[in-house]
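To keep things clear, I will list the structure first and then write my remarks on it.
A short reminder: the numbers here are calculations on the coordinates, not readings from a lab. Since this is a predicted model, take the numbers as computed values, not measurements. Counting neighbours? That spans all protein chains shown, and the Cβs are built from the backbone with ideal geometry, glycine included.
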Amino acid sequence: MKKVRYILEFPPETSGKPLTYHLVKDYDLKVNILRGVITAGKEGKLLIELEADEENIDRGIRFLEEQGVTLKPLSQQISVDEDRCVHCGACTAVCFSGALSLDRSQWKLVFDPEKCVACELCVGACPLQLINVAFNSGI
């Protein structure tokens, strides 16, 4: 079994379709919706975690792409400017999922994309504004 997280971007024409239903029924995927902003007739975004064997995940992803949905791996949608980061740990105080932590042996910020739910609390907590999360709905 494999687990992956994606940000799905839905064009307006797909916002009313039961796509997650098809992922479960037709592709035998366990779907965990972690966050979403979807309005009928408008673009939407959904953060999902998919769990299944790799072949079914690949088939489900192809299905979504055929429906006009853009998929972006969550780990590629979050960035920390590590060159400018002072590893103060302010972002870790608001990270309820535990995706951001301090490695106390090296006093370095560590990001675990497997735990991230793209809540964006870290963005506001960083005193130097060095964290970017590309989930902003734009709606």
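A few notes on this one:
- Mean ellipticity per residue at 222 nm, deg cm²/dmol - from DSSP H runs of n ≥ 4 across the chain, formula -39500 (n - 2.57): -5500 deg cm²/dmol
- Cα-based Lys pair tally, the chain, threshold under 13 Å, eight or more apart or on separate chains: 5
- Cysteines, the chain, no other Cys beta-carbon under 4.7 Å: Cys85, Cys88, Cys95, Cys116, Cys119, Cys126
- Taking Leu128, Leu74 and counting other C-beta atoms within 10 Å, the order from fewest to most: Leu128, Leu74
- Answer label, with mean projected area of the Cα convex hull in nm² calculated from the coordinates and candidates (1) 9.0; (2) 10.2; (3) 7.9: (1)
- Simple label model, 7 Å out from Cα along Cβ direction - Asn32 to Glu55, nm: 2.5
- Coupling constants for region 37-45 follow from the phi torsions by the Karplus curve (6.51 cos²θ - 1.76 cosθ + 1.60, θ = phi - 60°), and in residue order they are 9, 9, 10, 3, x, 10, 5, x, 10 Hz; glycine and proline get x.
- Residue exposure sequence - Arg5, Arg59 - by fewest surrounding Cβ within 10 Å: Arg59, Arg5
- Look at the alpha carbon pairs under 8 Å that are at least 6 residues apart: their mean separation over the length of the chain gives a relative contact order of 25 percent.
- Potential extension, Ala134-Thr39 segment - 0.36 nm per residue separation minus Cα distance: 32.4 nm
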